[in-house]
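The values are calculated or read from the model by the stated rules, or taken from the named source; none is laboratory data. Keep in mind that this is a model prediction, so the values were computed, not measured. As a convention, Cβ positions derive from the backbone with ideal geometry for all residues, glycine included, and neighbour counts pool all protein chains shown. Heads up: the accessible areas ignore ligands, DNA and RNA and are worked out on the full protein's heavy atoms, side chains in. Shrake-Rupley method; radii C 1.70, N 1.55, O 1.52, S 1.80 Å.
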Amino acid sequence: RSMPDPSALVLTAATSWEARPLARALGLLPDGPALWRGSVGSRRAVLVETGMGAASTAAALERVLGSANGATPGLAVSTGLCGGLQPGIRSGDLVLDVHGAPVEFALAARPVAERVGVPLHIGAIADADHVLLPAEKLALGVKARAAGVDMESAAVRSWAEGRGSVFLAVRAVLDALDESAP
């Protein structure tokens, strides 16, 4: 296992409609199917379109790790959409899961969210193996005490932690607690 490179960043998004706008916004360039590379600030960055679900995400990350000649990024970020699991978390809000990341990440995120006028909720993002209906989201929110739910962040977290990389997830809420995913 290689030591994490603090100047390297991997971002993940499950679908092309999550990954492509992010790649454009960050100025990342295509580098093969479902892969973009470039720089974000002072970090070398790669964005991986993983496919939906934990198994697809894990496989995509292993493929990228191999294509990077074993280099391990210092930071792994799971991006995209999630379902809201708590009252007051609405469609369009952001959920930031910084479990295990430096507290400075959360402190830096709040003023950025305020500047762009997007509500930010800091809390865990739970894992599911399918898109949840409102009753399932309510039960999971109570059980997991989580702010959001998705199908990929747990796989990104596991991949990152297994390599000594810092992990965080930032997800836009697609469907609130009382809503079904469109």
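How much of the accessible area of the range 31-182, in percent, comes from carbon and sulfur atoms when a 1.4 Å probe is used? Its accessible area is 61 percent carbon and sulfur atoms. Counting only DSSP beta bridges with both residues in the chain, the antiparallel share comes to about 35 percent. Take every Cα pair under 8 Å whose residues are at least 6 apart in sequence, average their separation, divide by the length of the range 1-160, and the relative contact order is 26 percent.
Qualifying GluC sites (Glu not before Pro) in the range 74-182, where qualification requires a DSSP coil assignment and no more than 16 other C-beta atoms within 10 Å, comprise 179.
Using a Gaussian network model of the chain in which every pair of alpha carbons under 10 angstrom is joined by a spring, one finds that among 79, 15, 57 the greatest mean-square fluctuation is at 15. Using the Cβ of residue 157 as centre and a radius below 14 Å, the other residues enclosed give a net charge of -3, where K and R count +1 and D and E count -1. Computed over protein heavy atoms with a 1.4 Å probe, the accessible surface of the chain works out to 49 Å² per residue. Looking at the square roots a ≥ b ≥ c of the eigenvalues of the Cα gyration tensor of the range 23-157, which shape do they give, rounded for a/c under 1.5, prolate if a/b is larger than b/c, or oblate? Taking the square roots of the gyration eigenvalues as a ≥ b ≥ c, the range 23-157 is oblate.
When a/c reaches 1.5 or more, the comparison of a/b and b/c decides; with that in mind, is the range 101-182 rounded, prolate or oblate per its Cα gyration tensor? Note, shape of the range 101-182 comes out oblate.
A cut-off of 5 Å between modelled amide H atoms, ignoring neighbours fewer than 5 places along the same chain, links residue 146 with no other residue.
For helix 54-67, what angle does its Cα long axis make with the longest principal axis of the chain, in degrees from 0 to 90 and rounded to 10? The two axes meet at around 20 degrees.
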